[in-house]
1. Starting from segment B:304-327, keep only residues that are in the same structural domain as B:G244 (by TED's automatic domain parsing), then list their pairs with residues that are among the acidic types (D, E) and open to solvent by 30 Å² or more (accessible area, probe 1.4 Å) whose Cβ atoms are within a distance under 7 Å, requiring at least 6 positions of separation or different chains.
2. Can you list the strands (runs of 3 or more DSSP E) lying wholly within segment B:132-242 that have 3 or more residues being assigned by TED's automatic domain parsing to the domain that holds B:I112 and open to solvent by less than 10 Å² (accessible area, probe 1.4 Å)?
3. Here are B:R296, B:R340: which of them is closer than 23 Å to B:A231 by Cβ and within 26 Å of the chain's Cα centre (by Cα)?
4. Between a residue in segment A:155-166 that is within 9 Å of chain B (Cβ to nearest Cβ) and any residue that is aliphatic (A, V, I, L, M) and in a loop (DSSP other than H, G, I, E, B), which pairs come within a Cβ distance under 6 Å, given they are 6 or more apart or on different chains?
5. Would you call A:T30 over 28 Å from the mean Cα position of the chain (by Cα) and over 19 Å from A:T225 (Cα atoms)?
6. Would you mind stating whether B:A128 is of a type in the set (A, V, I, L, M, F, W, C), more than 21 Å from B:A174 (Cβ to Cβ), assigned to a loop (DSSP other than H, G, I, E, B) and more than 14 Å from chain A (Cβ to nearest Cβ)?
7. Taking only pairs six or more apart or across chains, which ones have beta-carbon atoms under 8 Å, a first residue in segment A:25-39 that is under 13 Å from A:I237 (Cα atoms), and a second residue that is open to solvent by 40 Å² or more (accessible area, probe 1.4 Å)?
8. Select from segment A:154-196 the residues that are closer than 16 Å to B:A50 by Cβ and acidic (D, E) and write down the one among them that is most open to solvent (accessible area, probe 1.4 Å).
Amino acid sequence: MKKRPAWIVSLVTWPIVLLIAFPLLWMLITSIKPAAELFSTSPTLLPKAITFEHYARVLQDTPFLQYFANSMILATSTTVVVISISVLGAYSLVRFAYPGRETLASLVLFTYLLPSVVLISPLYLMLVSIGLANTLASLVIAYTSFALPYALWLLRSFMAGIPQDLESAAMVDGASRMGAFIDVVLPQALPGIISTALFTFILAWNEYLYALVLVNSDEARPLTTGVMTMLISAFNIEWSLLMAASVLMSVPLIIIFAFFQRHLTSGFGAGGVKG
Amino acid sequence: MVQVVFEKVSKAYGDTVAIPGLDLMIESGEFVSLLGPSGCGKSTTLRMLAGLEQPTSGNIRIGDRDVVNLAPAARDIAMVFQSYALYPHMTVAENICYPLKKRGVAKADRAIKLAEVAALLQLEPLLARKPGQLSGGQQQRVALGRALVREPSVFLLDEPLSNLDASLRAHMRAELIELHRRLGKTMVYVTHDQLEAMTMSSRIAVMRAGELQQFAPPDEIYNRPANVFVAGFIGTPAMALADGSLADGGGHLVVHVGPLAVALPYAAAARPAAVTVGIRPEDVLVGEGPWQAQVRLVEPTGYETIVALDAGGLALTARVPGSKALRVGETVPFDLRRERIHLFDKSDGRRWKPAGR
């Protein structure tokens with residue numbers, strides 16, 4: 001293939017990058033502008049004065065930290081539950097022969113195809129009847145119910161790519177089946193596990209609809225719905241605070257991405273090709 | 001002394017019977033090859049011995065222990081896989097030490113063992129590398145090292161050389177022979193390559209469709225194949241096989257095959273009605289003799305030339321010295337080494353031994 005000059009590539013890519021990044025940039029700029037500057041009739045791109053008062057207010061005067069902790073607990077527990085179940089489940093689907101194995105795998109995928117709105121009401125009623133309504137646990141269950149199928153399929157394609165000889169060798173070398181699983185299968189599946197965990201974490205962190213319907217107390221509210229309800233009222237939208245909170249909300253994901261980006265891209269790529 | 005014994009071992013996958021019933025006794029310290037075409041059940045046999053497959057019925061013993069219900073880890077075996085099955089995330093040293101670690105060998109003792117094996121297989125410079133950074137031959141040696149390090153009572157090798165290129169394969173063959181001589185351990189070797197089986201084994205078990213055809217030392221397999229299958233399977237180029245009949249030629253036996261009537265140095269006592277006649281290429285002597293054949297194909301290999309002959313409808317193959325110039329279409333006289341003609345009873349395919357032999 002003929003190599004295109006670098007400046008043509010830049011000419012095409014940078015406008016696209018700016019287009020996508022602009023809302024994020026605007027969010028950042030708005031969050032550090034003084035409130036007076038926000039509504040000036042000639043909007044400016046760069047703030048004339050920089051202030052961090054909105055951040056201070058979000059952290060001190062609002063239940064932001066409570067929501068943040070809720071979101072952290074929620075996303076982490078969902079990830080732990082989903083990964084524990086899907087790693088074992090995917091291994092079972094790949095390695096053990098039992099009747100209905102393929103049907104089971106397809107059924108699992110089928111649940112993933114249903115729009116989540118359809119499942120809200122039945123799920124809500126079920127959670128109420130087992131006394132979990134309005135708790136973080138109810139959201140963990142709800143998120144697990146739609147993150148798990150995808151996680152299973154993603155991990156299944158990863159595990160299918162691990163040669164069975166490796167486990168056989170480990171078992172001949174003195175490991176039990178569980179030992180072989182831990183010593184050989186898990187390390188081999190690690191990129192897949194990491195990308196599946198990231199996917200689950202991001203999904204739980206950003207989820208809005210279920211959080212809105214299933215939870216309505218500050219004790220259990222995650223960031224997505226919490227920030228909205230605290231700053232958007234019928235009469236007023238606190239734009240500066242909203243933007244500051246949004247920046248703070250994005251920080252954990254950005255940090256995680258920075259650390260695991262390599263795994264995420266390689267993971268999704270490998271899983272996709274092999275599946 | 002450790003023996004490996006298969007007693008009426010069968011294996012079925014659903015309705016498909018892979019191995020109908022295998023009896024095999026391997027003596028201590030033997031190098032036994034399981035040889036056969038793909039799908040003959042040789043790998044299944046080895047995997048049952050390793051405990052990676054469960055026999056449908058029958059018994060397997062290693063030494064004086066019944067192992068059928070033992071996990072692979074409890075059988076005191078080591079196995080080298082065709083794919084080598086090295087653990088990609090571990091270094092060479094960790095790979096080799098893994099069986100020791102799993103058996104709770106102390107760290108200091110592991111280091112000693114590792115050093116021994118590394119020296120034996122010349123792996124010292126590679127110990128810190130990962131398998132992905134090694135060549136095929138080096139991976140092969142690491143796989144061997146991982147099997148050797150624990151000093152198991154039986155070594156199982158599943159086509160360990162088939163992923164190597166030809167020259168490396170010849171080299172590793174020699175190394176395996178040397179290794180077996182030095183260790184004196186029982187080794188069970190699965191291969192579809194008769195050259196590997198012939199050169200390395202003390203005995204070869206020839207298998208076909210899950211059934212043992214012959215279990216004997218290489219020279220016996222070659223010189224006295226037990227049936228038509230073994231006769232045709234062993235030897236390159238293959239033995240010529242043709243239908244024939246036996247007759248009484250005035251007291252001695254005469255075999256009629258194609259247009260030839262070959263008097264054999266045996267008494268014409270009781271004999272089967274119809275036979276399959278087998279003639280190895282080296283037993284066809286081209287140059288002079290009572291019969292004539294037309295040259296159909298000439299394949300020079302350097303040292304010798306393989307010649308396909310047509311003796312009035314009977315297809316024969318001959319080996320002639322590479323210096324001998326033959327042209328396709330030419331008619332040449334030939335003779336046969338009569339005492340080396342193989343006869344098989346046509347009714348059951350088994351080797352038929354004339355009286356007085």
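1. B:T305/B:E299; B:I306/B:E299; B:R319/B:E282; B:R319/B:E304; B:V320/B:E304; B:P321/B:E304; B:G322/B:E304
2. Working: elements: B:154-158, B:186-191, B:203-208, B:211-216.
By residue number, B:154-158, B:186-191, B:203-208.
3. Numbers: B:R296 fails: within 26 Å of the chain's Cα centre (by Cα).
Being closer than 23 Å to B:A231 by Cβ and within 26 Å of the chain's Cα centre (by Cα) holds for just one of B:R296, B:R340, which is B:R340.
4. Every condition considered, the pairs that remain are A:D165/B:A85; A:L166/B:A85.
5. On the way: over 28 Å from the mean Cα position of the chain (by Cα): no; over 19 Å from A:T225 (Cα atoms): yes.
For A:T30, the condition - over 28 Å from the mean Cα position of the chain (by Cα) and over 19 Å from A:T225 (Cα atoms) - is not met.
6. Details: of a type in the set (A, V, I, L, M, F, W, C): yes; more than 21 Å from B:A174 (Cβ to Cβ): yes; assigned to a loop (DSSP other than H, G, I, E, B): yes; more than 14 Å from chain A (Cβ to nearest Cβ): yes.
Yes.
7. Going by the 8 Å Cβ cut-off, the qualifying pairs are A:L38/A:W239.
8. It comes out as A:D165.
The values are calculated or read from the model by the stated rules, or taken from the named source; none is laboratory data. As the structure is a computational prediction, the values presented were derived from the model and not from experiment. In this analysis, Cβ positions are derived from the backbone assuming ideal geometry, glycine residues included, and neighbour counts consider all displayed protein chains. Note: areas computed on protein heavy atoms with side chains; ligands, DNA, RNA excluded. Shrake-Rupley method; radii C 1.70, N 1.55, O 1.52, S 1.80 Å.
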